[in-house]
Amino acid sequence: IEAGIKGITVPKVYEDMCTRRVLVSEWMDGVKLSQCPPDEIREITAVAQEAFLYQLFDLGFFHADPHPGNILKLNEPTPEGHTVALLDCGLMASIDREDQDYMISAVIHLANKDYASLVDDFIRLKILPTDCDRATIIPLMDKALSPYVKGGGAKKYEAELKKMYGMEEDISSQAGGFASMTQDALTVLNDVPFSIPPYFAILGRAIVTLEGIALTGNEDYGIIMESYPYIARKLLAENRPEIQQALQEVLFSVTGGDSSNGLKFTRLLALLNNASGSVGTKEGASFVDLDAIPEDGLGLADGVKLL
């Protein structure tokens, strides 16, 4: 609310009526998100997503139980124009600034399919050790994470895995694909010494819950690509060293046959378009194309105005 995020509110707490064991808050009239039709869920998802990303990447204190019963579509807008209420803040979690910045970097690299850099992010987040076997980990990241970035939930993830391992054809190919997938799983379990930071488990639960809600309104929803415009705005607005490093990687990194070292103007304009919500993609619209300026996107003048 203090950040000026439009459309969402929380019940007012009446502190003078509260005790150590009793919390008294404002009554909100509305309909639980789980009871709304898909088109309304799609609209509310955009509002709830913005609020969650702000909590995670700006505030560092996030609602860890955003199930459909805790997101209410109000019967009438509030005087401020809010149409959605976020209820039950009994399960909250914190993330420190350093890890916020590393996670922002991780989202950028994941959305751009830069798994070599993502390994560095995971090391900084203490998910992987500094001496991890990159040659083993990077191909496994591609297999495990690329289907997730494409969105669409568990069913589409399963379908992408089957396609990747050649398990869509005859019984023989299915057996061979299953054996390959099993071998990769064993490699992860036995040869990749990963660990999960304490807050990651509760964060993962919150993300899975939000994605589950969003998928009922849009069966192709994927939180990585949907959150990229917010991340692009963070890159352009923040001046902390970790964020500036991530920005430099986006604007100066070399890809394909381009060996130039200077600032790539097309990337700056593409990033400005990303920040405005228009994202150029590659590989079947599954990943962000750092060099793509959408045809209907911002021009130079509008981009400078946004910046």
Calculate the spin-label point distance for residue 202 paired with residue 3, positioning each point 7 Å from the Cα along the beta-carbon direction, and give it in nanometres.
1.8
May I ask for the net charge around residue 25, where only other residues with Cβ less than 15 Å from the Cβ of residue 25 are counted and Lys, Arg are +1 while Asp, Glu are -1?
-3
Those lysines that a straight Cα-Cα span of less than 27 Å connects to residue 113, excepting residues fewer than 8 apart in one chain
126, 143, 150, 155, 156, 162, 163, 234, 264, 282
Kindly report, to the nearest 10 Å², the accessible surface of residue 91 as traced by a 1.4 Å probe over protein heavy atoms only.
70
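Classify the stretch 8-58: rounded, prolate or oblate, from the alpha-carbon gyration tensor (a ≥ b ≥ c, eigenvalue square roots; a/c under 1.5 rounded; otherwise prolate if a/b is larger than b/c)?
Oblate, since a/c reaches 1.5 and b/c is not below a/b.
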Restricting to DSSP loop positions (anything but H, G, I, E, B) with no more than 10 other Cβ atoms inside 10 Å of their own Cβ, which chymotrypsin sites (Phe, Trp or Tyr not before Pro) remain in the stretch 1-89?
27
Which Rg and Dmax, in Å, describe the Cα atoms of the stretch 81-154?
16.0, 52
Below 27 Å, Cα to Cα, which lysines can residue 12 reach? Residues fewer than 8 away in the same chain don't count.
32, 73
Cα extents of the stretch 51-123 per principal axis, largest first, Å, are 49, 24, 21
For the stretch 1-140, average projected area of the Cα convex hull in nm²
11.5
Projected label distance in nm at residue 301 and residue 138, using a 7 Å step from Cα toward the beta-carbon:
4.4
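The values are calculated or read from the model by the stated rules, or taken from the named source; none is laboratory data. Everything numeric here is computed off the predicted structure, so don't read it as measured data. Cβ atoms come from the backbone with ideal geometry, glycine included; neighbour counts cover every protein chain shown. When the accessible area is computed, the model is the full protein with side chains, heavy atoms only, and any ligands, DNA or RNA have been set aside. Shrake-Rupley method; radii C 1.70, N 1.55, O 1.52, S 1.80 Å.
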